[in-house]
1. Identify, from the list Ala15, Ala84, the residue that is touching a helix residue (DSSP H, G or I) at 6+ places or on another chain (Cβ under 8 Å), modelled with pLDDT under 95 and not in a helix (DSSP H, G or I).
2. Evaluate the range 44-53: report whether one residue or more is surrounded by 14 or more Cβ atoms within 10 Å (Cβ to Cβ) and more than 15 Å from the chain's Cα centre (by Cα).
3. Can you tell me which residue is surrounded by the most Cβ atoms within 10 Å (Cβ to Cβ) among those in the range 30-43 that are assigned to a helix (DSSP H, G or I) and either in contact with a Gly (Cβ under 8 Å, 6 or more places away or on another chain) or charged (D, E, K, R) (or both)?
4. Of everything in the range 44-64, what is closer than 17 Å to Asp5 by Cα and in contact (Cβ under 8 Å) with a residue 24 or more places away in the chain? Give them in sequence order.
5. Which pairs do you get when a residue that is without any contact (Cβ under 8 Å) to a residue 40 or more places away in the chain, found in the range 13-32, comes within reach of a residue that is part of a loop (DSSP other than H, G, I, E, B) and hydrophobic (A, V, I, L, M, F, W, C), reach meaning Cβ atoms under 7 angstrom, with the pair 6+ apart or on two chains?
Amino acid sequence: MPDIDGVESKLARAAEADKAEARRLLTAARAEIGRLRERGDADPDRLDALETDVEQRLRAVGERDAYDGAGVDGAAANPDDEDAP
């Protein structure tokens, strides 16, 4: 049975995990928040805050994916830019 402590635990573990594990933990936390909402026995404001945190972290993991080797680097992106790394 999900509870807020379990969601918070997943958030804490996701902060230290690799991308794949973080995504798995955050997705599980989002599902638990949904179940807590359905039950109606948790503070809705707290659930809103947790849900916002989960969504932000999922976006951050997605952005890390986009920046890890998927983009172009420095001078190759703009060869005329002397300040490019």
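1. Working: Ala15 fails: not in a helix (DSSP H, G or I).
Going through Ala15, Ala84 in turn, just one is touching a helix residue (DSSP H, G or I) at 6+ places or on another chain (Cβ under 8 Å), modelled with pLDDT under 95 and not in a helix (DSSP H, G or I): Ala84.
2. From the range 44-53, those surrounded by 14 or more Cβ atoms within 10 Å (Cβ to Cβ) are 46-47, 50-51, 53; that's our starting set.
Those still in the list that are more than 15 Å from the chain's Cα centre (by Cα) too: 46-47.
Yes; the residues of the range 44-53 include at least one that is surrounded by 14 or more Cβ atoms within 10 Å (Cβ to Cβ) and more than 15 Å from the chain's Cα centre (by Cα).
3. Just the residues of the range 30-43 that are assigned to a helix (DSSP H, G or I), to begin with: 30-39.
Add one more test, that the residue is either in contact with a Gly (Cβ under 8 Å, 6 or more places away or on another chain) or charged (D, E, K, R) (or both), and what stays is 30, 32, 35, 37-39.
Numbers: Arg30: 17, Glu32: 20, Arg35: 13, Arg37: 14, Glu38: 9, Arg39: 11.
Per the stated criteria, the residue is Glu32.
4. Step one: of the range 44-64, the residues closer than 17 Å to Asp5 by Cα are 44-54.
Selection gives Arg46, Leu47, Leu50, Asp53, Val54.
5. So the pair list comes out as Leu25/Ala17.
The values are calculated or read from the model by the stated rules, or taken from the named source; none is laboratory data. What you see is a predicted model, and the numbers here were worked out from it, not measured in a lab. FYI the Cβ positions are ideal-geometry reconstructions off the backbone, even for glycines, and counts take in every protein chain you see.
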